[in-house]
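To keep things clear, I will list the structure first and then write my remarks on it.
The values are calculated or read from the model by the stated rules, or taken from the named source; none is laboratory data. These numbers come from a predicted model, not from an experiment. Here the Cβ positions follow ideal geometry from the backbone for every residue, glycine too, while neighbour counts run over all protein chains shown. Note: areas computed on protein heavy atoms with side chains; ligands, DNA, RNA excluded. Shrake-Rupley method; radii C 1.70, N 1.55, O 1.52, S 1.80 Å.
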Amino acid sequence: MLRSATIAPRVRSCASATTRSRARIPSRDVRYVCASARGAIRAVRAVAGDAPASAREGDDYFATIEIDTSSDDAYTIISIRDAPNKPGTLRVISTALADLGLNIEKAVVDASDSGLKVSDCFYVTDADGGKVMDAADVENIKICLTMILKAHFSHGSDFARPDGQDDRRSVAQGGGDEERRQHSLLYSLMDRYLKNDVMSVQESIVNHVEYTMARNRYQFDDFEAYQAASFSVRDRLIESWNDTQQHFRDKSPKRVYYLSMEFLMGRSLLNSLHNLDIKSNYSEALQQLGYKLEILVEKERDAALGNGGLGRLASCFLDSMATEDLPAWGYGIRYQYGMFQQTLHDGFQHEHPDYWLNFGNPWEIERPYITYPVGFYGGVTITESNGVKKFDWVPGERISAVAYDNPIPGWNTPNTINLRLWSAKPSSEFDLESFNTGDYVQAILSKQRAETISSVLYPDDRTYQGKELRLKQQYFMVSATLQDVIRRYLVNHTSFDEFPNQVALQLNDTHPTIGVPELMRLLMDEHGLGWTKSWDITSKVFSFTNHTVLPEALEKWPIALVEKVLPRHMQIIYDINWRFVQELRGVLGDDYIRIGRMSIIEESTGEKMVRMAHLAMVASHTVNGVAAIHSELIKTTIFKDFYELMPEKFQNKTNGVTQRRWLAFCNPKLRDLISKTLGDDVWIRELDMLKGLEKYADDVEFQSEWRAIKHANKERLAEFIQQKTGTVVNPNALFDIQVKRIHEYKRQLLNVLSIVHRYNAIKAATPKERESMVPRVCVIGGKAAPGYDMAKRIIKLVCSVGDKVNNDPDVGDLLKLVFIPDYNVSSAEIIVPGSELSQHISTAGTEASGTSNMKFAMNGCLIIGTMDGANVEIAEEIGKENMFIFGASATEVPILRAERSRFKTPPEFDAVVTQIRSGAFGWAEYFAPVCDAVHGGADYYLLANDFADYLRAQQLVDATYQDEAKWTKMSILSTAGSGKFSSDRTIREYAKEIWGIEPCRRPSP
């Protein structure tokens, strides 16, 4: 069947118009239209040469134009034969015919086998629906088309989109001329990329206002303008996304699939505009339409797909994978409500659903046709044929996983990769049988049970039901993902022999580890492979990133729970463990104590458990830590037995952050200064080039510019603090920041205790002494897990101390303490550029890496911290002299813990704890467990041991801040030494040393 199109161009009307014209040029006389058109084409003649004369002489070197008025009873047929196959030709012709008042009733587009030439036929009628018969009209049409096409072919083209040559060849081989013509038509209709000039952007935005959102294009508010602009940007992302995926299909490279339960993406509009390098055009386009981009950006809700560093790291990695042109996809869950929205009432944390999807998400693309069945519960039947057992899992409950795609653009690259998120839906819309028999509640509940799986990130697992839901979430994500990966692989393969050479699966922490038995089940039960072949494949495709050094943080599941929810998978886990234990016995003999420590099944406690980290260790070809100190610690602590037997599996991959979002985009004034100083903006991709700033660290003029930018960012942060908390702060004070997940090992409590100590010192000082004190604004932010009681008490303590300090007239602007509620990526993009001192003060040996320290250092913020996590490598890069280091080392911590009951606590520490316990900040009874946790022989995280050294470091901070030139120099050197901490570097190391994949950049348009 021929493809046809009727083109009815819309006449633009001015912004003040109250009615719109949808009519074509209102003339029945084609000669009049052509005469008018010739006047409009005079500018074309000047470029194209003496087009009218050559056209009348039949100069058609670029194509043959024929107009047939006799062979068809209903239409005049205009044929343009053997024209160069240049992008935009179809659009130029159709626009010209429409401007001439002709209706295109049908079009046949046919490219030559070589693809270099194209022949198009247009079946047209005049404005009244009749044929064009007048000879003069026909001649004038030919003249106009000749002039326009000559100009079109003699000029450089717009950016051409790829033609999907492999698809085209398969069409030519498998179908006839009809299919080939259809392919040519489909390509010709969209053979150019969308234009990014201001008028094209405006047209795109307004089209979405009317056609996507069905709003009046003369009256739409800021939120609607944000949505329309986002849809417009997404159009451009989709072009790049489609062509990138086609390029991957054509080249068939090995791909990596990054599996993570979290992706803390933040906002997308500004990030996409920057990465596509079209921000200035959109800003101007919106301004002319009466909108400000800066206001529209604030209308976007942060995507509630993550909690803390784990999710933000995954998002930085996706940005770097795209920028590095890697054939990569991310996989996760599309949480309907995220983790939770945090509010504070009288200083107490309250959790509310984060309704981030209430008004839709313009950045995602729903794929209702990409769904996979996911089962739970049920039983396993075993049949035997020719001595081979076949296992058949019959789930007792089935749901569907529906795909939602989110394009991820890279910076300064034509590539756009994908984040595919799964949403849980009932396998049928609802139980119609139950509904029809009157059991309405059961029909609805079955639907709700399915959708609950993708409702909330990290459901509270203190209860059995919470544990069950979390396990189901993890399995839901990996099952849908692995089915999708296998489907994609089998498009071009008939066996699984090449699977390890085409697929790499990265487990971001232990959460996706249930994917190991799921891949085994799919290969054996669904695709008929044997155990040996399946295990060989599985152990070659998985790699595992560990994110903790705390034994209690290693995920374990009760065997009874796994057997109930995933009975077939428990069988497979038992089999994996049995084979692994046999291997261990071959090496260790009868050392059952050590074998028991390494077993995937933990039997030493009362309840048998599945150690998910051990399962990941056994099944993965590589395990990596995320900072140098972390990677060494896991070799001597939580994975000591494994390291001694299989050291070749262990690697370090120090984390990084994307400098695009965390410096270039969120701190534009500093970006411009750096680019001006270094001579270009290449550093945005090659962060090591920041080293070039070192020679300007003592430059007086450069320091002045640096300080001015920092002060402007502090003023912005001060406005944000007032907006969020109601507290007015002095932007001339030292801005001291600690924003991260609230946890005892991160020691926000140590920070609060020192603030109380500072408060006491201010109260005890004379007015004269206060004049020499450095004013300080202390900012703390972060969420406590809903079930983490101690973390919630610490938040309340922060707020209570802040209430007392901020309202004490003796203190004034010398000290302020605020808690920022609902800390997220968008908050961080304001806080990080405006900070001057950032606290990373975890007990040494407890923080795997941390990435917020990298973001702060990158923006010229000085770090006060322990030698823990990535702080160690930051100190190596920027110099310890440019940080404020304190506290016990990781090697000293175990010794100090053993001696803690005999440790004599500093009097300053005792005084502060006693002050809190006595009710100086109210709520004495509520804060008693907080005091008990750090006083006496407890204090597992050694706050008392590090307190005196922490105060010394804080005094050094004050002294250094009073030396403006020295502080600024340290700030510049902090940025200059941050080159190592780009996630681009981290991803290059993963790609080369773990995944074995190469960049696959599609040709630039």
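Please enumerate, by chain and number, the lysines with C-alpha under 20 Å from the C-alpha of Lys251, excluding those fewer than 8 residues away in the same chain.
Those lysines meeting the cut-off are Lys992.
Using a cut-off of under 14 Å, list every residue of region 965-1005 whose amide N is near the label point 7 Å from the Cα of Val774 along the Cα-to-beta-carbon line.
965-971
Return one whole number: the accessible area per residue of the chain in Å², for a 1.4 Å probe.
Here the residues of the chain average 41 Å² of exposed surface.
Out of Thr76, Val108, Leu90, whose Cα points farthest toward the positive end of the dipole of region 64-149 (charges: +1 Lys, Arg; -1 Asp, Glu; placed on Cβ)?
Checking the options against the dipole of region 64-149, the answer is Leu90.
What length, rounded to one decimal in nm, is gained on full extension from Ala898 through to Asp235, with 0.36 nm per residue of separation minus their alpha-carbon distance?
So the extension gain works out to 232.6 nm.
For Ala553 and Leu445, FRET efficiency with R0 = 25 Å and r from the beta-carbon atoms, rounded to 0.05? Each step should come with its number before you reach the end.
Details: r = 34 Å, r/R0 = 1.37.
FRET efficiency, Leu445 to Ala553: 0.15.
Mind running the shape call on region 871-939? Use the C-alpha gyration tensor, a ≥ b ≥ c as the square roots of the eigenvalues: rounded below 1.5 for a/c, prolate if a/b tops b/c, oblate otherwise.
prolate
What residues qualify as long-range amide H neighbours of Lys117, i.e. H under 5 Å apart, gap of 5 or more or another chain, H built at 1.01 Å from N?
Amide H to amide H, under 5 Å and 5 or more residues apart or across chains, Lys117 pairs with Asn85, Ser112.
What do you get for the angle between helix 309-323 and the principal long axis of the chain? Use alpha-carbon atoms, 0 to 90 degrees, nearest ten.
Helix 309-323 and the main axis of the chain meet at about 30 degrees.
What accessible surface, in Å², does a 1.4 Å probe find on Cys778, ignoring ligands, DNA and RNA and rounding to the nearest 10?
Probe radius 1.4 Å; accessible area of Cys778 about 0 Å².
Computed from the coordinates I sent, Cα extents along the principal axes in Å equals one of [x] 87, 73, 64; [y] 143, 85, 84; [z] 109, 87, 62. Tell me the label.
The calculated read-out lines up with [z].
What is the helix-to-structure angle for 825-834, meaning the angle in degrees between its Cα long axis and the longest Cα principal axis of the chain, kept from 0 to 90 and rounded to the nearest 10?
Here the helix axis deviates by roughly 70 degrees.
Which cross-chain or sequence-distant (5 or more) residues have an amide H under 5 Å from the amide H of Glu998, H modelled 1.01 Å from N in plane?
Residues meeting the criterion, in which the H sits 1.01 Å from N, are Lys254.
For region 64-149, which whole-number percentage of the solvent-accessible area (1.4 Å probe, protein heavy atoms only) is attributable to carbon and sulfur atoms?
47
What are the ³J(HN,Hα) values, in whole Hz, obtained from phi via the Karplus relation 6.51 cos²θ - 1.76 cosθ + 1.60 with θ = phi - 60°, for each residue of region 624-636 in sequence order, with x given for Gly and Pro?
So the Karplus estimates, Gly and Pro as x, are 10, x, 10, 7, 4, 5, 5, 5, 6, 5, 5, 6, 10 Hz.
Quick one: helix 89-99 against the long Cα principal axis of the chain, what's the angle to the nearest 10°, folded into 0 to 90?
60
Considering only the other residues whose Cβ falls under 11 Å of the Cβ of Thr212, what net charge follows from Lys and Arg at +1 and Asp and Glu at -1?
Result for the local shell: -1.
Taking the Cβ-Cβ separation of Glu397 and Tyr369 as r and a Förster radius of 41 Å, what is the calculated FRET efficiency to the nearest 0.05?
With R0 = 41 Å, the Cβ-Cβ based efficiency is 0.95.
Could I have the simple spin-label model distance between Ala924 and Arg579, label points 7 Å from Cα toward Cβ, reported in nm to one decimal?
Distance between the two pseudo-spin positions: 6.4 nm.
Straight-line reach from Lys195: which lysines have Cα under 19 Å away, leaving out those fewer than 8 places along the same chain?
Lys86, Lys279
Would you list, by chain and number, the lysines whose Cα falls below 23 Å from the Cα of Lys472, excluding same-chain residues fewer than 8 positions away?
The qualifying lysines are Lys425, Lys447, Lys556, Lys564, Lys608.
Find out how many positive minus negative residues lie around Gly865, taking Lys and Arg as positive, Asp and Glu as negative, among other residues whose Cβ is under 13 Å from that of Gly865. Write down the numbers at each step before the final one.
On the way: positive: Lys740, Lys746, Arg747, Lys880; negative: Asp736, Glu847, Asp868, Glu873, Asp946, Asp949.
Net local charge, Gly865 excluded: -2.
Which of the trypsin sites (Lys or Arg not before Pro) across region 234-305 are loop residues per DSSP, with 13 or fewer other Cβ within 10 Å?
Of the trypsin sites (Lys or Arg not before Pro), the ones in loops of region 234-305 whose Cβ has at most 13 other Cβ atoms within 10 Å are Lys292.
Please arrange Glu366, Glu178 by accessible surface area, largest first, computed with a 1.4 Å probe and ligands excluded. All intermediate terms of the calculation are to be shown ahead of the outcome.
Numbers: Glu366 95, Glu178 55 Å².
The most accessible residue leads, giving Glu366, Glu178.
Hey, how many Å between the Cα centroid of region 576-592 and the Cα centroid of region 836-874?
One Cα centre to the other: 41 Å.
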